[in-house]
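Below is one structure, written out as structure tokens, with a few remarks after it.
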Ligand code: HEC
């Protein structure tokens, strides 16, 4: 009798281990890191047209032209296109007069020029905005350089 109980326990234990292993494998299969990042970048790009981030009609695209891939303007000031910002931040951000991370600059633009409410640091929207902004690399064509 004892042997049978022991065997049942062993079988149950093995079954449990196999189930846990199968589940882990399934979880790992579901998360494709490149796809997840691409999704976040895509969502961030959409947020560049989202008026709800600010208090008025402004969107990120009002100042950072075509998703920040082209130079923008604010009055007489030229706002340079985002170019490989992932490699440049953290850096001293003139307008805030302090060193900032890319997330902080994104929130700074939401709060200051756009008069919106700062996003929480763990808000997926802020992550998506930063993922997008960090993904922009401006390829300058030879002809464009000559102009
Ligand atoms: C009213 C205009 C305006 C709006 C709207 C605006 N920004 Fe900005 N943004 C600026 C200015 C001005 C700078 C500073 C440019 C500089 O220092 O050369 C800047 C800088 C930045 C930078 C750093 C660029 C660099 O080259 O270092 C990022 C990133 C950025 N903004 C993201 C955003 C995001 C995201 C939004 C929307 C939530 C947004 N901005 C909305 C005006 C704006």
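Condition check: at negative phi and near the ligand (Cβ under 9 Å from one of its atoms). Does residue 71 satisfy that? Criteria not met by residue 71.
The rows are residues; the columns are (1) surrounded by 11 or more Cβ atoms within 10 Å (Cβ to Cβ); (2) more than 28 Å from residue 128 (Cβ to Cβ).
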| residue | (1), (2) |
| --- | --- |
| 3 | no, yes |
| 9 | no, yes |
| 20 | no, yes |
| 27 | no, no |
| 31 | no, no |
| 39 | yes, no |
| 44 | yes, no |
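Inside segment 84-127, residues that are more than 23 Å from residue 138 (Cβ to Cβ) and in contact with a strand residue (DSSP E or B) (Cβ under 8 Å, 6 or more places away or on another chain) make up a count of 2.
Of the residues making up segment 68-77, at least one is out of contact with any helix residue (DSSP H, G or I) (no Cβ under 6 Å at 6 or more places or on another chain) and either part of a helix (DSSP H, G or I) or crowded, with 16+ Cβ neighbours inside 10 Å (or both). In the set (1) surrounded by fewer than 15 Cβ atoms within 10 Å (Cβ to Cβ); (2) assigned to a helix (DSSP H, G or I), residue 127 fails one condition alone, (1).
Here, each number is a calculation from the coordinates, and none is a lab measurement. Keep in mind the model is a prediction, meaning the values are calculated, not measured. Cβ coordinates were reconstructed from backbone atoms using ideal geometry, including for glycine residues, and neighbour counts include every protein chain displayed.
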